[in-house]
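Below you'll find the structure, written out as structure tokens, and then a few comments.
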Amino acid sequence: MKPQSEVDIVPAAAAKRDKNSHLGTAKKVKFDEYYTQWADVEREMNAYLEYNPDVFRGKVILLPCDDPEWSNFAKFFALHFMDFGIKTLISTSYAPNSNPDKIGYQPTLFETESPAFDATKTRANGKKFTLEWKDINGDGIINIDDLQWEYLEGDGDFRSSEVTALRDEAHFVITNPPFSLFRQFMTWVIGGGRKFSVVGNNNAITYNELFPHIMANELWKGATGNTTDMVFAVPKGTVVNEKDRLKAEKMGYPSDDERDYTRQGNSCWFTNIDHGRRHEPLQLMTEADNIKFSKHKEIRGVGYENYDNFDAIEVPYVDAIPSDYGGMMGVPITYLDKHNPDQFTILGSSEGDYPATKKYSKKERVVDGVRKKSNSGTLSGVVRVDSFGPGNHFDVGYPVRGVYKRLFIRRKGGA
Ligand SMILES: C[S@@+](CC[C@H](N)C(=O)[O-])C[C@H]1O[C@@H](n2cnc3c(N)ncnc32)[C@H](O)[C@@H]1O
């Protein structure tokens, strides 16, 4: 799967370059300018607040890779600064000169009319916006109008010593980071030992930067956005996949004079802030009841297959996890959306995080009964089958069928 930044979206300038070079279709390029919608920020933050109404009280919140002039993160936290009892809100933005995606940058009036405006720094430096318990305009409330700003020494790169120092002073780091630097961002944010909430992509679950922390119960999926699309604004004129644009429009985000919109089906939140969803137990049937009543034909009247190369049973659907099975089970990665650490332990994944019981010396791909010259194809978790039928199989001396990426879990208190 491609990283999110390379999926079906391309800035207009790059599309034009491609057209000019007679390549016909726009090439997919790295693109990081996706702006998170208020409703998505609100839903996720509300889940933390429902679990602990004082979660942000007296705390310093850093919003890196941001820009209050665009960002709903900054607007959301500034609006709730007083009722959440936030101590300090800091948002940092990235210098336009360092950001090839920032096409046609123009400083806002907010900046140019400020005595601090510097025509060189506006393009070369990042900015730092701070909201404290200071009612700057004396209107009796502290909100976005009381934001103070200054240029950063550097370009606002989250990896800079300057932004890293802000991370180290903060209690919370919250943002939607550049997708093209997602792995580096997660290493940076986890390395800081802060509480965080970060928009990412479901495919990142098994990344080395994340999965060991997920297994150690130090990082988990957010409470929201897991099974629904997330809509993102993109700079006006960005070429967006028409299907995604229409879907975003249907979800209530038609393009307007300032922005276009797209949607991502696999966006999600990664966090180490506690929320109630992860303490709700999954409601499951016993193994015997699944075999009798499961709605899945693969299970009903059939039971569970054993892997040929892991000491576990294959559970192809999250709602078919048997509640009373004490051994190891391979489950789809969407299980993480429902994971309750008091109910199951995550032991590893079929992608190399858990040792296989068998290594195959022979591996020949057989598709629809036909032997292929190229043997490429995943052979992580496999189950033994009677014969090479329709679909993808491997001959490892006998026929096996590969399964999708799986997480291995075991019931807490299981055998
Ligand atoms: C996915 S956008 C999200 C923006 C904003 N946080 C939001 O959610 O609306 C990521 C932002 O990170 C900025 N960015 C790109 N590379 C960066 C870097 N190395 N350090 C800091 N920010 C960066 C880009 O300017 C971009 O606006």
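The values are calculated or read from the model by the stated rules, or taken from the named source; none is laboratory data. Computed from a predicted model, the values in this text were never measured in an experiment. Because the Cβ atoms are built from the backbone with ideal geometry, glycine has one as well, and the counts that use them run over all protein chains shown.
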Exercise. Outside any strand (DSSP E or B) and buried (at least 17 other Cβ atoms within 10 Å of the Cβ), is that true of Phe77?
Worked result: yes
(request) Looking only at segment 123-131, decide whether some residue is among the basic types (Lys, Arg), within 14 Å of the ligand (Cβ to nearest atom) and touching a Leu at 6+ places or on another chain (Cβ under 6 Å). (result) yes
Segment 314-415: strands (runs of 3 or more DSSP E) wholly inside it with 3 or more residues that are surrounded by 17 or more Cβ atoms within 10 Å (Cβ to Cβ) are 328-332, 344-349, 399-402, 406-411
Note on segment 308-320: residues touching a strand residue (DSSP E or B) at 6+ places or on another chain (Cβ under 8 Å) and free of Cβ contacts under 8 Å to residues at least 40 places away in the same chain are Ile313, Val315, Tyr317, Val318
Filter segment 133-148 for residues that are crowded, with 17+ Cβ neighbours inside 10 Å and of a type outside the set (Val, Ile, Thr); the one that is farthest from the ligand (Cβ to nearest atom) is Asp146
Margin query: Tell me whether segment 247-267 contains one or more residues that are touching a residue at least 60 places away in the same chain (Cβ under 8 Å) and more than 16 Å from the ligand (Cβ to nearest atom).
Written below: no
Only one of (1) touching a Phe, Trp or Tyr at 6+ places or on another chain (Cβ under 7 Å); (2) surrounded by 21 or more Cβ atoms within 10 Å (Cβ to Cβ) does not apply to Tyr307, and that is (1)
Of the residues in segment 27-67 that are among the charged types (D, E, K, R) and over 26 Å from Ala248 (Cα atoms), the one that is surrounded by the most Cβ atoms within 10 Å (Cβ to Cβ) is Lys59
Practice item. Kindly indicate whether Pro100 is free of Cβ contacts under 8 Å to residues at least 40 places away in the same chain, surrounded by fewer than 17 Cβ atoms within 10 Å (Cβ to Cβ) and either within 14 Å of the ligand (Cβ to nearest atom) or in the same structural domain as Phe185 (by TED's automatic domain parsing) (or both). Key: yes
Hey, does segment 357-366 have a residue that's in contact with a Lys or Arg (Cβ under 9 Å, 6 or more places away or on another chain), more than 27 Å from Gly327 (Cα to Cα), of a type in the set (Val, Ile, Thr) and at pLDDT 90 or above?
-> yes
